[in-house]
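Student: Take a look at this one; I'll ask things after.
The values are calculated or read from the model by the stated rules, or taken from the named source; none is laboratory data. Everything quoted here is computed from the prediction, not taken from an experiment. When we count neighbours, we look across all protein chains shown, and the Cβ atoms used for this are built from the backbone with ideal geometry, even at glycine.
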């Protein structure tokens with residue numbers, strides 16, 4: 001074991017090295033097993049205590065599934081495309097997992113101490129892949145309960161729900177649930193296998209990144225088809241295309257057959273999905289040994305950073321670790337710096353948006369969706385509060401996405417020391433760009449709808465923009481997660497930890513979404529023309545209050 | 001550069017590296033033979049670590065070729081993992097294993113078998129960690145952790161050492177010890193590729209010095225020639 005100029009024989013050291021590692025880490029393994037058992041116990045306990053009523057409802061639904069309603073035939077028509085859209089989105093998410101985490105992973109210490117040795121990579125890496133595949137199948141089966149439950153709740157659980165109704169409720173629900181669980185388990189298995197291959201072959205990474213928008217566009221088209229099927233009657237061939245368009249369509253066929261038997265070739269579809277899953281898993285299992293060292297190093301580093309962030313419940317650090325795992329980006333978007341100091345943060349925030357256009361596109365899409373939802377709610381004639389609240393939640397998300405510049409300053413208060421502004425005032429300065437973008441994005445369609453309908457009440461939407469941005473700023477400047485929140489305070493009604501954690505994360509959206517939902521729903525639901533003016537005045541006051549509160553939080557962040 | 005009669009063990013030909021559109025390393029040629037040391041000097045961000053990662057097979061050059069003992073270099077190659085010892089990008093340790101156990105693991109993974117104990121004792125002593133063999137990584141200072149990483153090189157066979165700033169976090173006495181260690185490695189026949197900020201270290205162990213600035217070679221030659229060019 002010395003330095004030498006001669007060729008060194010490759011030792012057969014895999015078995016002794018891994019056996020030594022197991023022996024040295026036996027205590028650690030026991031502690032990990034105990035910790036895992038504790039978490040299983042905790043989750044089971046929480047499910048039983050807090051989910052008791054949901055479980056009872058599920059058992060009731062199993063015995064007596066909700067009867068079909070007038071909407072049930074529409075749901076039945078929409079379900080194939082909707083299930084295919086959901087399956088495609090799940091597939092994309094699982095495949096993209098290979099870009100930053102992947103089914104083949106090693107702990108950082110093992111990467112640092114064993115990866116550079118002659119230990120057989122196959123023996124080192126394949127157990128991790130087996131674990132990932134097993135977990136994926138279990139997770140897939142569990143996720144499969146969700147669409148089954150949704151279909152049962154929508155009246156498709158009873159035999160012949162699409163038509164006659166009645167029949168063997170329990171067995172129908174069980175058959176539906178089993179079909180759905182099997183399909184999603186196979187879909188997850190298939191995705192894990194393909195993700196393993198993607199991780200193994202780096203040339204596929206850029207391909208996957210480029211294909212993602214196209215896949216999401218297909219998912220959006222499938223969702224559109226589902227919406228069309230809910231409202232009208234699209235040609236049956238389109239539904240067939242959705243069901244046979246790929247593994248995402250095959251995955252829905254057994255479920256569809258279980259609710260109405262209108263997917264006659266479902267055994268073929270599930271068989272194809274099963275064969276594909278098995279082939280992908282087998283190929284990926286063989287290929288796992290060849291996952292390149294740099295890929296394993298990068299994934300171990302990302303996982304380490306992300307695990308630390310998750311343990312600290314620090315969602316921002318989780319997002320930062322995820323972003324850092326992506327390809328390095330070049331600052332292509334340029335903007336001439338302003339001459340006036342008052343415009344410098346405006347310029348800085350425009351740069352942040354221009355250099356992350358996906359944020360801008362996502363925010364615009366959410367804002368347009370929110371406007372559409374409010375427009376539909378206004379025409380609906382029912383109490384618009386719930387759809388308007390949903391629209392405000394989407395609007396809040398759009399505002400939060402546009403606040404990246406503020407978030408970067410809040411992440412590390414030292415970043416802004418060279419700026420000629422008090423830190424507390426940054427909350428106000430950073431609000432300008434998100435507000436303007438949302439005013440333009442939401443204002444155009446809202447104005448067009450007002451003109452088309454000859455009704456100005458939709459302009460109430462514009463009032464909500466500064467309020468939603470203010471709420472986003474309140475959240476941006478919340479600071480690091482305080483560990484003492486975990487302990488909470490014991491009260492006669494129980495420990496406050498859970499409530500405090502929810503409020504710590506959700507204080508901004510709660511303060512912004514709840515009042516704007518009430519404000520807009522009352523404005524668009526009232527025939528009184530003065531309601532719009534009232535909404536404007538109240539909205540302005542709310543925005544000012546939230547801005548001041550965000551500034552106060554920012555000041556505390558700097559001081560603390 | 002190695003004398004014409006000595007075939008290079010490591011050969012980098014026209015190697016460059018781009019990160020996106022940024023050129024981190026301009027095309028460079030480096031050859032390194034057994035019992036030779038090439039030191040790479042340069043400021044932070046000059047491309048030293050990029051060059052060493054490529055030389056260790058842990059990164060792929062944008063252009064050019066890297067060969068080790070006449071074969072294309074790749075970290076995943078079993079021979080490369082057996083013969084090339086790398087220090088520089090170890091960032092973590094098993095929190096529940098002692099310094100001694102880390103070294104045992106490396107020794108056994110390189111086929112030391114029953115000789116592992118003796119090798120570990122010797123390496124701990126050489127790296128002045130004799131009193132810290134039973135310490136967990138969390139209780140070691142950063143300098144001691146760096147010494148542990150260097151000790152991990154000594155418990156395994158090696159033909160080529162790729163060391164990225166091995167002197168970092170070491171005190172002056174430990175740096176002198178490091179210089180002696182590298183000279184001994186050369187004398188035993190190993191090739192050494194060393195990136196360092198310390199001109200004295202390069203001067204005392206290197207046969208050739210390459211000076212990088214913004215990814216480009218601005219001086220190269222014997223230590224006397226290359227260092228004179230930048231002083």
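Student: Taking region A:414-457 as the region of interest, how many residues are more than 29 Å from the chain's Cα centre (by Cα), closer than 20 Å to residue A:519 by Cα and either at pLDDT 90 or above or assigned to a helix (DSSP H, G or I) (or both)?
Tutor: 5
Student: Can you confirm whether region A:95-103 contains a residue that is closer than 30 Å to residue B:151 by Cβ, outside any helix (DSSP H, G or I) and in contact (Cβ under 8 Å) with a residue 24 or more places away in the chain?
Tutor: No, the conditions are met nowhere in region A:95-103.
Student: If we scan region A:328-335, do we find a residue that is within 19 Å of residue A:435 (Cβ to Cβ) and either in contact with a helix residue (DSSP H, G or I) (Cβ under 6 Å, 6 or more places away or on another chain) or more than 14 Å from chain B (Cβ to nearest Cβ) (or both)?
Tutor: yes
Student: Output the residue which, of all residues in region A:21-70 that are under 28 Å from residue B:134 (Cα atoms) and touching a helix residue (DSSP H, G or I) at 6+ places or on another chain (Cβ under 8 Å), is surrounded by the most Cβ atoms within 10 Å (Cβ to Cβ). Spell out the reasoning first.
Tutor: Within region A:21-70, the subset under 28 Å from residue B:134 (Cα atoms) is A:21-35.
Filter once more, keeping what is touching a helix residue (DSSP H, G or I) at 6+ places or on another chain (Cβ under 8 Å): A:21-22, A:24, A:29.
Numbers: A:21: 22, A:22: 10, A:24: 17, A:29: 11.
For region A:21-70, the residue satisfying everything is A:21.
Student: For region A:395-413, indicate whether the set of residues that are surrounded by fewer than 16 Cβ atoms within 10 Å (Cβ to Cβ) and more than 27 Å from residue A:517 (Cα to Cα) is non-empty.
Tutor: For region A:395-413, residues surrounded by fewer than 16 Cβ atoms within 10 Å (Cβ to Cβ) and more than 27 Å from residue A:517 (Cα to Cα): present.
Student: Answer yes or no: is there a residue in region B:140-148 that is under 13 Å from the mean Cα position of the chain (by Cα) and either facing chain A (nearest Cβ under 9 Å) or surrounded by 14 or more Cβ atoms within 10 Å (Cβ to Cβ) (or both).
Tutor: Step one: of region B:140-148, the residues under 13 Å from the mean Cα position of the chain (by Cα) are B:146.
After this cut, where a residue has to be either facing chain A (nearest Cβ under 9 Å) or surrounded by 14 or more Cβ atoms within 10 Å (Cβ to Cβ) (or both) as well, the list is B:146.
Scanning region B:140-148 turns up at least one residue that is under 13 Å from the mean Cα position of the chain (by Cα) and either facing chain A (nearest Cβ under 9 Å) or surrounded by 14 or more Cβ atoms within 10 Å (Cβ to Cβ) (or both).
Student: Being surrounded by fewer than 17 Cβ atoms within 10 Å (Cβ to Cβ) and in the same structural domain as residue A:272 (by TED's automatic domain parsing) is true for just one of A:215, A:251, A:211. Which residue is that?
Tutor: Among A:215, A:251, A:211, only A:211 is surrounded by fewer than 17 Cβ atoms within 10 Å (Cβ to Cβ) and in the same structural domain as residue A:272 (by TED's automatic domain parsing).
For (1) assigned by TED's automatic domain parsing to the domain that holds residue A:434; (2) under 21 Å from residue A:312 (Cβ atoms); (3) in contact with a helix residue (DSSP H, G or I) (Cβ under 6 Å, 6 or more places away or on another chain), each residue gets a yes or a no:
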{"residue": "A:457", "(1), (2), (3)": "yes, no, yes"}
{"residue": "A:462", "(1), (2), (3)": "yes, no, yes"}
{"residue": "A:479", "(1), (2), (3)": "yes, yes, yes"}
{"residue": "A:489", "(1), (2), (3)": "yes, yes, no"}
{"residue": "A:496", "(1), (2), (3)": "yes, yes, no"}
{"residue": "A:510", "(1), (2), (3)": "yes, no, no"}
{"residue": "A:519", "(1), (2), (3)": "yes, no, yes"}
{"residue": "A:539", "(1), (2), (3)": "yes, no, yes"}
{"residue": "A:549", "(1), (2), (3)": "yes, no, yes"}
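Student: Go through A:73, A:80 for me and flag whichever is under 12 Å from residue A:154 (Cα atoms), more than 14 Å from chain B (Cβ to nearest Cβ) and surrounded by 10 or more Cβ atoms within 10 Å (Cβ to Cβ).
Tutor: Going through A:73, A:80 in turn, just one is under 12 Å from residue A:154 (Cα atoms), more than 14 Å from chain B (Cβ to nearest Cβ) and surrounded by 10 or more Cβ atoms within 10 Å (Cβ to Cβ): A:73.
Student: Let me ask something else. Name every residue in region B:202-222 that is closer than 28 Å to residue A:7 by Cα, in contact (Cβ under 8 Å) with a residue 24 or more places away in the chain, more than 14 Å from chain A (Cβ to nearest Cβ) and not in a strand (DSSP E or B), in order of residue number.
Tutor: B:202, B:204, B:206, B:207
Student: Could I ask something else about it? Taking region B:33-44 only, how many residues are more than 12 Å from chain A (Cβ to nearest Cβ) and out of contact with any helix residue (DSSP H, G or I) (no Cβ under 8 Å at 6 or more places or on another chain)?
Tutor: Residues that pass the stated criteria total 3.
Student: Could you check, for region B:150-167, whether at least one of its residues is more than 14 Å from every other protein chain (Cβ to nearest Cβ) and not in a loop (DSSP other than H, G, I, E, B)? I'd like the intermediate steps shown before the answer.
Tutor: If we filter region B:150-167 for residues that are more than 14 Å from every other protein chain (Cβ to nearest Cβ), which is where we start, we get B:165-167.
This time we only want the ones that are not in a loop (DSSP other than H, G, I, E, B), so: none.
No, region B:150-167 has no match at all.
Student: I'd like the full set of residues that are more than 12 Å from the chain's Cα centre (by Cα) and either part of a helix (DSSP H, G or I) or closer than 15 Å to residue B:32 by Cβ (or both), limited to region B:182-195. Spell out how you get there, then give the answer.
Tutor: Filtering region B:182-195 down to residues more than 12 Å from the chain's Cα centre (by Cα) leaves B:183-184, B:186-189.
Answer for region B:182-195, where residues must be more than 12 Å from the chain's Cα centre (by Cα) and either part of a helix (DSSP H, G or I) or closer than 15 Å to residue B:32 by Cβ (or both): B:183, B:184, B:186, B:187, B:189.
Student: Take region A:306-329 and flag every residue that is within 17 Å of residue A:205 (Cβ to Cβ) and assigned to a loop (DSSP other than H, G, I, E, B).
Tutor: Selection gives A:325, A:326, A:327, A:328, A:329.
Conditions tested, residue by residue: (1) within 24 Å of the chain's Cα centre (by Cα); (2) within 9 Å of chain A (Cβ to nearest Cβ); (3) more than 17 Å from residue B:153 (Cβ to Cβ); (4) in a helix (DSSP H, G or I).
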| residue | (1), (2), (3), (4) |
| --- | --- |
| B:95 | no, yes, yes, no |
| B:102 | yes, yes, no, yes |
| B:106 | yes, yes, no, yes |
| B:119 | yes, yes, no, yes |
| B:124 | yes, no, no, yes |
| B:131 | no, no, yes, yes |
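Student: Continuing with the same structure: So in region B:179-195, with the set limited to residues that are under 23 Å from residue B:81 (Cα atoms) and in contact with a helix residue (DSSP H, G or I) (Cβ under 8 Å, 6 or more places away or on another chain), which one is surrounded by the fewest Cβ atoms within 10 Å (Cβ to Cβ)?
Tutor: B:183
Student: Right, another one. Within region A:202-221, does at least one residue satisfy the condition of being part of a loop (DSSP other than H, G, I, E, B), under 30 Å from residue B:84 (Cβ atoms), over 20 Å from the mean Cα position of the chain (by Cα) and modelled with pLDDT under 95?
Tutor: Yes: region A:202-221 contains one or more residues that are part of a loop (DSSP other than H, G, I, E, B), under 30 Å from residue B:84 (Cβ atoms), over 20 Å from the mean Cα position of the chain (by Cα) and modelled with pLDDT under 95.
Student: Return the residues of region B:45-71 that are within 14 Å of chain A (Cβ to nearest Cβ) and surrounded by fewer than 17 Cβ atoms within 10 Å (Cβ to Cβ); say none if nothing qualifies.
Tutor: Answer for region B:45-71, where residues must be within 14 Å of chain A (Cβ to nearest Cβ) and surrounded by fewer than 17 Cβ atoms within 10 Å (Cβ to Cβ): B:60, B:62, B:70, B:71.
Student: Of these, A:277, A:262, A:309, which one is without any contact (Cβ under 8 Å) to a residue 24 or more places away in the chain and surrounded by 14 or more Cβ atoms within 10 Å (Cβ to Cβ)?
Tutor: On the way: A:277 fails: without any contact (Cβ under 8 Å) to a residue 24 or more places away in the chain; A:262 fails: without any contact (Cβ under 8 Å) to a residue 24 or more places away in the chain.
When all the criteria are applied, what remains is A:309.
Student: Here are B:40, B:87, B:66: which of them is modelled with pLDDT of 95 or more and within 15 Å of the chain's Cα centre (by Cα)? Let's see the steps before the verdict.
Tutor: Details: B:87 fails: modelled with pLDDT of 95 or more; B:66 fails: within 15 Å of the chain's Cα centre (by Cα).
It is B:40.
Student: Which condition breaks for residue A:528 when tested against (1) crowded, with 22+ Cβ neighbours inside 10 Å; (2) more than 17 Å from residue A:465 (Cβ to Cβ); (3) more than 30 Å from the chain's Cα centre (by Cα)?
Tutor: With (1) crowded, with 22+ Cβ neighbours inside 10 Å; (2) more than 17 Å from residue A:465 (Cβ to Cβ); (3) more than 30 Å from the chain's Cα centre (by Cα) applied to residue A:528, the lone miss is (1).
Student: Something else about it: Residue B:28 fails exactly one of the following numbered conditions: (1) more than 12 Å from every other protein chain (Cβ to nearest Cβ); (2) in a loop (DSSP other than H, G, I, E, B); (3) touching a strand residue (DSSP E or B) at 6+ places or on another chain (Cβ under 7 Å). What is the number of that condition?
Tutor: In the conditions (1) more than 12 Å from every other protein chain (Cβ to nearest Cβ); (2) in a loop (DSSP other than H, G, I, E, B); (3) touching a strand residue (DSSP E or B) at 6+ places or on another chain (Cβ under 7 Å), residue B:28 misses (2) alone.
Student: Let me ask something else about it. So which residues in region A:278-302 are part of a helix (DSSP H, G or I) and closer than 27 Å to residue B:18 by Cβ, if there are any at all?
Tutor: A:290, A:293, A:294, A:295, A:296, A:297, A:298, A:299, A:300, A:301, A:302
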